[in-house]
């Protein structure tokens with residue numbers, strides 16, 4: 001689960017706008033030219049690592065930050081599914097399913113940012129009401 005890891009000794013995050021295509025470290029989807037994405041780097045257990053995260057995955061993992069006070073880079077969808085199963089939360093299942101599809105909807109189009117924000121906000125508020133927030 002999201003709390004089963006040691007926090008990095010050093011951590012840096014920076015938002016950028018893609019000048020070329022990149023691959024998201026969370027959903028493995030394409031970060032398209034012109035889209036905003038987050039670049040992060042950390043030092044943990046003596047090793048440096050880096051990640052590029054699309055804006056949709058960054059929004060969705062806010063739930064993990066509120067409830068678990070953190071996340072493990074590259075495993076956010078797994079953590080969302082695990083929490084959804086443990087607490088029977090349909091909204092997290094939907095977020096994780098969209099994330100696992102690289103945010104491509106059933107119509108073949110990219111899921112709009114407002115939809116991801118709305119669902120994440122709903123799930124986060126629901127977690128707070130259930131007393132799950134850290």
For segment 14-49: of the residues being closer than 21 Å to residue 80 by Cα and touching a helix residue (DSSP H, G or I) at 6+ places or on another chain (Cβ under 7 Å), which is surrounded by the most Cβ atoms within 10 Å (Cβ to Cβ)?
26
Answer yes or no: is there a residue in segment 117-132 that is part of a loop (DSSP other than H, G, I, E, B), closer than 21 Å to residue 22 by Cβ and either in contact with a strand residue (DSSP E or B) (Cβ under 6 Å, 6 or more places away or on another chain) or free of Cβ contacts under 8 Å to residues at least 60 places away in the same chain (or both).
no
The conditions are (1) crowded, with 17+ Cβ neighbours inside 10 Å; (2) in contact with a helix residue (DSSP H, G or I) (Cβ under 8 Å, 6 or more places away or on another chain); (3) more than 19 Å from residue 49 (Cβ to Cβ), and residue 61 fails exactly one of them. Which is it?
(3)
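Yes or no: segment 74-85 includes at least one residue that is more than 28 Å from residue 128 (Cβ to Cβ), buried (at least 16 other Cβ atoms within 10 Å of the Cβ) and without any contact (Cβ under 8 Å) to a residue 40 or more places away in the chain.
In the first step, residues of segment 74-85 are kept if they are more than 28 Å from residue 128 (Cβ to Cβ); the result is none.
No, there is no match, as no residue in segment 74-85 is more than 28 Å from residue 128 (Cβ to Cβ), buried (at least 16 other Cβ atoms within 10 Å of the Cβ) and without any contact (Cβ under 8 Å) to a residue 40 or more places away in the chain.
Where residues in segment 93-116 are on the phi > 0 side of the Ramachandran plot and either part of a helix (DSSP H, G or I) or touching a strand residue (DSSP E or B) at 6+ places or on another chain (Cβ under 8 Å) (or both), which of them is surrounded by the most Cβ atoms within 10 Å (Cβ to Cβ)?
Filtering first and then ranking leaves 103.
Here, each number is a calculation from the coordinates, and none is a lab measurement. Here the structure is a predicted model, which is why all the values come from computation and not from measurement. Every residue, glycine as well, gets a Cβ built from its backbone with ideal geometry; the counts of neighbours run over all protein chains shown.
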